[in-house]
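Below is one structure; the comments refer to it alone.
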């Protein structure tokens, strides 16, 4: 495990949480969202995933089916559990949900990681909305698993070539689903590019790595409001962010910063559960008669982020880890799961 990558996972997950907390504040008060850059934490996740998955697969002798099954066992149990929870609420207590209605076809598509138009929202989202990223993850895993049939030397080029071809053909009007033809999938290829450099043994000074990561974050903030493609304004800065963390030398041994490391470990749980936690927290906050604009709105935002992080960590320890331990007892998952978006390095 590269500790700095785990730190990044925690930071990226928290970025998404804070972004959505500000969105809630904006809907309730018209306050505005000064942290739209937080939505781009997803792009950092995709680059991390490309890096981690390729490094892990490159080191192993996994067969394609085994690889795909391990990935499924890594990300599906928690996602399925939370998806079924949301579906049950939509079926029996629909008043508790603002943007979800029960639709059997949509539920089945969500559980199978098939992109489908949300029955209430004007976009392609699964029942558990943050799961849209997992549809991309599963597609990437499938391409990676298919590449395992080829000799090791060709694998990265096959994966990057397929991802690039899907985007290019989609732009040329080929019958490729719009969802998959989005250039955001090229961010997995950026992660693989970092992995190739990492595999070569090339490293940069620890301080240079930190500077590279900070430069990436600065570019992310600077470019977010600019009218550019997401790949340019988010993917390329994410490349710098992850490259700095992955390629920087360790330097003198230092104790890990436990809170941020724990947040990185729990990032998958945090990412998935915050979509349930924030609406409930908002209702409780308003129910207490508290103003969301106290302290310029930042008291609410800080509280919402802290509660989401706490629930995410509890979910990780009480649900995600036990589920992983359970699946690890199966024939195909005896070893620790390799690399995800967001628990142990995905």
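The values are calculated or read from the model by the stated rules, or taken from the named source; none is laboratory data. Bear in mind the structure is a predicted one, so any value in this text is a computation, not a measurement. No Cβ is skipped: glycine too gets one built from the backbone with ideal geometry, and neighbour counts run over all protein chains shown.
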- Return yes or no: is residue 184 closer than 23 Å to residue 15 by Cβ and surrounded by fewer than 16 Cβ atoms within 10 Å (Cβ to Cβ)? no
- Item | Residue among 89, 114 that is touching a helix residue (DSSP H, G or I) at 6+ places or on another chain (Cβ under 8 Å), closer than 27 Å to residue 322 by Cα, outside any helix (DSSP H, G or I) and at pLDDT 90 or above | 114
